[in-house]
Amino acid sequence: MFTIKYPFDNDEILRRQKSLRRRLLERDSISYITKRIAVLGGSTVTDIKNILEIFLLNDGIKPEFYESEYNKFYEDAVFGNPELDRFNPEIIIIFTSIANILNVPAVNDSSDEIEAKLENEFMRFKNVWENLSRKFSAVIIQNNFDFPPSQPEGNFDAVYPNGLEHFMNVLNRKFSEYAASHRGFYIHDINRLSAETGLERWHKRSQFYSYKFALNYDVFPNAAWNLKKIICAVLGRTKKCLVLDLDNTLWGGVIGEDGLNGISIGNETPLGESYTDFQKYVKRLKERGVILAVCSKNDNDVAELGFTHPDSVLKLEDFAAFHANWNTKNINIRQIAHELNIGLDSLVFIDDNPAEREIVRRDIPEVSVPDFDPEDIFTCIKAIEDNGYFETAAISEDDIKRSDTYRQNKQRHELEESSGNYDEFLKSLEMEAEISPFREIYFDRITQLTNKTNQFNLTTKRYTLAEIKSASESPEHITLYCRLKDKFGDNGIISLVIGEIHGDNLKIILWLMSCRVLKRGVEDLMLDCIVREARKRGCIKLTGIYIRTKKNSMVESLYKDFGFSLLSSEDDHTEWELELNNYENRNTFIREE
């Protein structure tokens with residue numbers, strides 16, 4: 001299947017925009033989700049939009065675009081535009097740059113005048129954001145400011161209050177503070193991107209004067225790729241699990257041959273320090289919700305020994321799955337996905353051996369396998385970040401606890417195997433559930449679940465954070481989340497329902513559940529709560545929708561099993577109905593808090 005892989009050739013992307021788009025749309029095996037994206041530009045952005053479309057299609061997202069006229073981002077946002085109103089965007093990108101700062105400080109400005117210009121400039125953009133937020137239930141992605149193309153005061157420009165670079169840095173900080181306090185608002189960090197690209201390559205002033213390109217045409221793909229990473233993170237289309245080799249990946253050397261004292265880790269040597277830095281990076285990923293697993297050709301005891309090294313940053317308990325044996329790595333990776341109950345397309349595999357990488361690529365093309373230079377482990381960090389595998393739009397409490405949850409699942413599985421029967425096992429879990437309408441504190445996690453859950457998901461409808469907020473505030477909707485705890489720990493938020501009220505009927509338009517709590521009675525409890533909420537609103541029947549996808553066949557008969565009657569069936573879409581007058585609660589094993 002045709003895909004575009006990073007690193008890509010910028011020239012090829014720029015030259016072959018139309019043919020690449022056509023080839024991506026011709027792929028039969030992709031089920032695209034459609035998103036309406038408005039690009040409000042402070043410069044000429046048509047080609048950035050076109051390249052962004054290619055990168056989104058590559059990730060299974062089919063965008064429909066609205067593009068503002070040249071440098072009309074402020075007018076469209078503040079004064080309105082009927083065409084934009086009709087378009088009703090789900091995602092809004094405000095693509096501005098250093099060229100769009102109007103209140104530039106003069107050399108003779110006083111500190112009060114500089115402060116006033118800063119406040120005026122910030123308020124001008126804030127006015128844009130808040131007008132768009134009032135009008136649309138849309139995610140907003142705002143460029144911060146790139147470094148200026150010139151530095152009239154030299155190095156002093158960075159500290160001189162009247163300097164443009166200093167002014168830009170303060171504005172960027174204000175933008176970041178706003179983003180930190182406003183859900184659904186994200187920063188596209190072109191400040192860092194301009195530095196990474198190199199300012200001599202980033203800026204080409206002749207193109208600005210001739211075509212009003214805010215950045216060099218040659219780096220349009222870099223900006224579009226960076227935007228793509230944010231959109232995929234907002235929509236939950238990122239990876240979940242980092243699968244790691246050990247020898248010459250998490251430490252230097254081969255522990256089975258060199259022994260514990262012979263591997264390179266720690267700050268004693270340059271090589272050891274590089275692997276310590278890599279372990280710190282991996283630990284950071286784990287701490288904010290990335291699941292870690294080991295896949296190594298080794299004796300298990302020998303592999304585990306490496307994590308007892310006093311300089312090892314990572315410990316055995318950091319890994320949710322640990323497969324060290326002499327099976328081929330493609331076999332082990334399939335077992336890891338099964339053990340963690342996640343899709344193969346959620347995995348990223350890191351191995352210093354190119355032959356091992358190629359075996360996994362060929363046998364399991366769903367797994368992401370980046371190339372890097374084994375002589376420089378930092379290139380692995382760059383490969384992970386540049387591909388955007390674990391790009392995040394927010395970090396929730398459940399993200400931070402995720403590794404603990406997967407470790408606790410091992411304990412639950414061990415208890416299940418030792419129990420006399422399944423009912424005994426469910427009783428022994430001592431489960432308690434918190435069922436409640438959506439709460440703002442959980443919006444990030446709820447949005448994440450709607451975009452990442454595929455198997456137990458009856459409609460696979462995807463939501464942005466703004467849409468979740470809108471549904472939670474709507475009197476025509478019922479929203480429910482379930483947070484499940486048991487004697488082993490807190491599973492976090494694991495099930496969601498959104499229903500639409502139509503007279504005396506409640507139509508279930510979203511019902512999903514995390515697969516890690518399958519067959520524990522949560523679905524029975526959720527149906528009880530749906531019925532209870534429907535009756536409170538005067539509803540006397542439920543309508544359930546099932547839309548078949550390639551991944552959700554496990555819930556194909558759910559409504560039938562719950563006693564719903566089939567109303568209609570057309571292609572992959574079925575509708576079901578349940579009369580509520582004689583409904584009896586189904587939950588047996590879970591206590592509501």
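Can you pull out every residue in region 200-249 that is among the small types (Gly, Ala, Ser), in contact (Cβ under 8 Å) with a residue 40 or more places away in the chain and over 21 Å from residue 176 (Cα atoms)? Don't jump to the end; show me each part of the working.
Initial filter on region 200-249 (among the small types (Gly, Ala, Ser)): 206, 210, 214, 223-224, 233, 236.
Keeping just the survivors that are in contact (Cβ under 8 Å) with a residue 40 or more places away in the chain gives 214, 223-224, 233, 236.
If the condition is that a residue be among the small types (Gly, Ala, Ser), in contact (Cβ under 8 Å) with a residue 40 or more places away in the chain and over 21 Å from residue 176 (Cα atoms), then 214, 236 are the ones that fit.
Can you pull out the residues in region 306-342 that are of a type in the set (A, V, I, L, M), farther than 20 Å from residue 514 by Cα, in contact (Cβ under 8 Å) with a residue 40 or more places away in the chain and part of a helix (DSSP H, G or I)? Can you show your working first?
Pass one, region 306-342, residues of a type in the set (A, V, I, L, M): 313-314, 316, 320-321, 324, 331, 333, 336-337, 340, 342.
Add one more test, that the residue is farther than 20 Å from residue 514 by Cα, and what stays is 313-314, 316, 324, 331, 333.
Next, from what is left, pick out any that are in contact (Cβ under 8 Å) with a residue 40 or more places away in the chain: 314, 324, 333.
Result: 333, single match.
How about region 343-412: which helices (runs of 4 or more DSSP H) wholly inside it have at least 3 residues that are open to solvent by 10 Å² or more (accessible area, probe 1.4 Å), within 24 Å of residue 196 (Cα to Cα) and free of Cβ contacts under 8 Å to residues at least 12 places away in the same chain?
Numbers: elements: 354-363, 378-387, 397-400.
In region 343-412, 378-387 are the helices (runs of 4 or more DSSP H) which contain 3 or more residues that are open to solvent by 10 Å² or more (accessible area, probe 1.4 Å), within 24 Å of residue 196 (Cα to Cα) and free of Cβ contacts under 8 Å to residues at least 12 places away in the same chain.
Any idea how many residues of region 199-222 are more than 24 Å from residue 54 (Cβ to Cβ) and among the charged types (D, E, K, R)?
2
Looking at region 448-468 only, could you name the residues that are touching a helix residue (DSSP H, G or I) at 6+ places or on another chain (Cβ under 6 Å) and within 24 Å of residue 532 (Cα to Cα)? Reasoning before the result, please.
The initial filter retains those residues of region 448-468 that are touching a helix residue (DSSP H, G or I) at 6+ places or on another chain (Cβ under 6 Å), namely 455-456, 458, 462-463, 465, 468.
Within region 448-468, 456, 458, 468 qualify.
Any residue that is among the aliphatic types (A, V, I, L, M) and either without any contact (Cβ under 8 Å) to a residue 12 or more places away in the chain or in contact with a helix residue (DSSP H, G or I) (Cβ under 6 Å, 6 or more places away or on another chain) (or both) - is there at least one of those in region 553-571?
Pass one, region 553-571, residues among the aliphatic types (A, V, I, L, M): 554-555, 558, 566-567.
Still in the list and also either without any contact (Cβ under 8 Å) to a residue 12 or more places away in the chain or in contact with a helix residue (DSSP H, G or I) (Cβ under 6 Å, 6 or more places away or on another chain) (or both): 566.
Checked against the condition, which is being among the aliphatic types (A, V, I, L, M) and either without any contact (Cβ under 8 Å) to a residue 12 or more places away in the chain or in contact with a helix residue (DSSP H, G or I) (Cβ under 6 Å, 6 or more places away or on another chain) (or both), region 553-571 yields at least one hit.
Every residue in region 541-582 that is in contact with a strand residue (DSSP E or B) (Cβ under 9 Å, 6 or more places away or on another chain) and under 19 Å from residue 482 (Cβ atoms), please.
Hits for region 541-582 are 542, 544, 552, 555, 558, 559, 562.
When you go through (1) in contact with a Phe, Trp or Tyr (Cβ under 6 Å, 6 or more places away or on another chain); (2) more than 24 Å from residue 98 (Cβ to Cβ); (3) open to solvent by 10 Å² or more (accessible area, probe 1.4 Å) one by one for residue 60, which number turns out not to apply?
It is condition (3) that residue 60 fails.
Consider only pairs whose beta carbons are under 8 Å apart and that are at least six residues apart or on different chains; among these, list those whose first residue lies in region 285-297 and is over 20 Å from residue 355 (Cβ atoms) and in contact (Cβ under 8 Å) with a residue 60 or more places away in the chain and whose second residue is open to solvent by 10 Å² or more (accessible area, probe 1.4 Å) and of a type in the set (Gly, Ala, Ser).
289/396
Within region 21-52, can you find the residues that are buried (at least 22 other Cβ atoms within 10 Å of the Cβ) and within 29 Å of residue 208 (Cα to Cα)?
Keep residues of region 21-52 that are buried (at least 22 other Cβ atoms within 10 Å of the Cβ), which gives 24, 37-42, 45, 48, 51-52.
Answer for region 21-52, where residues must be buried (at least 22 other Cβ atoms within 10 Å of the Cβ) and within 29 Å of residue 208 (Cα to Cα): 37, 38, 39, 40, 41, 42, 45, 48, 51, 52.
List pairs: first residue in region 176-199 and more than 19 Å from residue 442 (Cβ to Cβ) and modelled with pLDDT of 95 or more, second residue assigned to a helix (DSSP H, G or I) and among the small types (Gly, Ala, Ser) anywhere in the structure, Cβ distance under 7 angstrom, at least six positions apart or on different chains.
187/176; 187/179; 190/223; 193/223
Name the residue, out of 73, 55, that is within 22 Å of residue 10 (Cβ to Cβ) and crowded, with 20+ Cβ neighbours inside 10 Å.
Numbers: 73 fails: within 22 Å of residue 10 (Cβ to Cβ).
One residue alone meets the criteria, 55.
List the helices (runs of 4 or more DSSP H) that sit entirely inside region 216-305 and contain at least 2 residues that are over 17 Å from the mean Cα position of the chain (by Cα) and surrounded by fewer than 21 Cβ atoms within 10 Å (Cβ to Cβ). Working first, answer last.
Numbers: elements: 220-234, 255-258, 270-287, 300-305.
Output list reads 255-258, 270-287, 300-305.
Run down 280, 315 and say which single residue is touching a helix residue (DSSP H, G or I) at 6+ places or on another chain (Cβ under 6 Å), of a type in the set (Lys, Arg) and at pLDDT 95 or above.
Only one candidate passes the filter, namely 315.
The values are calculated or read from the model by the stated rules, or taken from the named source; none is laboratory data. None of the values given here were measured: they were computed from a predicted structure. All Cβ positions, even for glycine, are placed from backbone atoms using ideal geometry, and neighbour counts span all protein chains on display. These area figures cover heavy atoms from the full protein model, side chains too; ligands, DNA and RNA do not enter into them. Shrake-Rupley method; radii C 1.70, N 1.55, O 1.52, S 1.80 Å.
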